[in-house]
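Below you'll find the structure, written out as structure tokens, and then a few comments.
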Amino acid sequence: MPAFLEFGHFYSLSNPELWVGIGLIIFFGILIAAGVPKMAGKALDAKAVKIQADLDEAARLRAEAEALLAQIRKEKAEAEAQAAEMMAQAEADARRLEVETKAKLEETLARRQKMAETRIAQAEAQASAEVKAAAADLAAKSAEQVLAARLASGAKDPLLDSAIAQIGDRLN
């Protein structure tokens with residue numbers, strides 16, 4: 001059985017345990033009279049308010065961070081879309097420039113080929129004219145020599161006369 005329930009022994013003034021119990025009750029009384037429980041309650045309430053304010057601040061910061069993250073993701077998606085659009089535009093421009101350059105190159109090559117063919121034709125015509133002129137000069141000199149020889153000899157050759165008459169038709 002507990003000691004404080006034994007009336008004779010525990011409640012004796014010579015029992016030190018009684019004085020410890022009385023001192024403890026007086027101590028608790030002084031604490032209550034001094035308002036220690038109210039101060040402890042106020043301190044705990046202040047701590048709870050501070051913790052709640054910290055939690056509210058943390059929630060606000062989290063909401064801000066989530067909003068900022070959403071905005072950054074949106075901007076990233078927009079930037080990626082813009083980059084893809086720019087890339088597609090650059091590819092289209094490159095294809096267009098390739099086609100234009102190819103067409104210009106073909107046009108330039110055709111023009112140069114035509115110029116070369118024209119120069120070749122002019123050179124052929126000039127060479128042909130020079131050959132005809134040289135042939136005509138040679139024929140004229142030959143005819144002159146033959147005529148000079150005929151006139152000097154006074155004889156007529158019908159075969160030579162017909163060949164000389166055909167020279168003019170063949171050269172033109």
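The values are calculated or read from the model by the stated rules, or taken from the named source; none is laboratory data. Computed from a predicted model, the values in this text were never measured in an experiment. Methodologically, a virtual Cβ is constructed for each residue, glycine included, from the backbone with ideal geometry; neighbour enumeration extends over all protein chains shown.
State whether the residues of the range 71-78 include one that is at pLDDT 95 or above and of a type in the set (A, V, I, L, M, F, W, C).
Among the residues of the range 71-78, at least one is at pLDDT 95 or above and of a type in the set (A, V, I, L, M, F, W, C), which makes the answer yes.
Among (1) free of Cβ contacts under 8 Å to residues at least 24 places away in the same chain; (2) within 30 Å of GLY168 (Cβ to Cβ); (3) surrounded by 10 or more Cβ atoms within 10 Å (Cβ to Cβ), which single condition is ALA135 missing?
Only one criterion is unmet by ALA135, namely (1).
Could you identify the single residue in ALA84, ALA33, ALA70, ALA63 that is part of a helix (DSSP H, G or I) and exposed (fewer than 10 other Cβ atoms within 10 Å of the Cβ)? Give the steps one after another, and end with the answer.
On the way: ALA84 fails: exposed (fewer than 10 other Cβ atoms within 10 Å of the Cβ); ALA70 fails: exposed (fewer than 10 other Cβ atoms within 10 Å of the Cβ); ALA63 fails: exposed (fewer than 10 other Cβ atoms within 10 Å of the Cβ).
Every option except ALA33 fails the conditions.
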